Amino acid sequence: MEDEIDALAPLDYAAFQILPNENRFEAVVCSGKKVEQLAAGLLEPLLLHFPEVKDLYLKGSNANFKLQLPEHLNGATWFTKSTLSRFLRIVDTLASLNTIHAIEGEMSQLEEARLFHLSLYAQGLFGSADSVPITPWDHPRISKGSLGEMHSPHYPPNTKEMQNAATENSP
């Protein structure tokens, strides 16, 4: 493409459009008289690296942010499309890694819960996974007396006990 900015050409500036309601940003770069859209992505990972962007994000309305070198550094060879592109990819990769670690943690917790339940079945408390009782006292080896008055979201009283209690306590 003729209008494409060379990856190693020094940039005049990079502009970011901040869209806090969508948690997104769009970045464009300018070199000479050429302007090109460079990237778009999630806003949150970018907030950690640009305090100015974080301030704009906290205001909650769409805004533009211009990244430009000071006058005495204009034309610096390191401020290029390639450098900015790599920076944005790294920021996005770090966000992806954080998401992956969170998912791995959740999967680990689910696996621990699964192993715990399998250990209960192995002890013979519930037989097989197909024959799990609705409440603990529905199981032939567990009596209500052995569990006491255990009522929790996991072990609610069964319907017959509630009906018997209501009948016994009625006038």
Name, by its number, the condition in (1) closer than 30 Å to Gly41 by Cα; (2) at pLDDT 80 or above; (3) exposed (fewer than 12 other Cβ atoms within 10 Å of the Cβ) that does not hold for Glu112.
-> (1)
Residue among Ala76, Ala14, Ala63 that alone is touching a helix residue (DSSP H, G or I) at 6+ places or on another chain (Cβ under 6 Å) and in contact (Cβ under 8 Å) with a residue 60 or more places away in the chain = Ala14
Taking region 88-109 as the search range and keeping residues that are hydrophobic (A, V, I, L, M, F, W, C) and in contact (Cβ under 8 Å) with a residue 24 or more places away in the chain, which one is most open to solvent (accessible area, probe 1.4 Å)?
-> Leu94
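The values are calculated or read from the model by the stated rules, or taken from the named source; none is laboratory data. Because the structure is predicted, anything quoted here is derived from the model rather than measured. Because the Cβ atoms are built from the backbone with ideal geometry, glycine has one as well, and the counts that use them run over all protein chains shown. All accessible areas refer to the heavy atoms of the entire protein, side chains included, with ligands and DNA or RNA removed. Shrake-Rupley method; radii C 1.70, N 1.55, O 1.52, S 1.80 Å.
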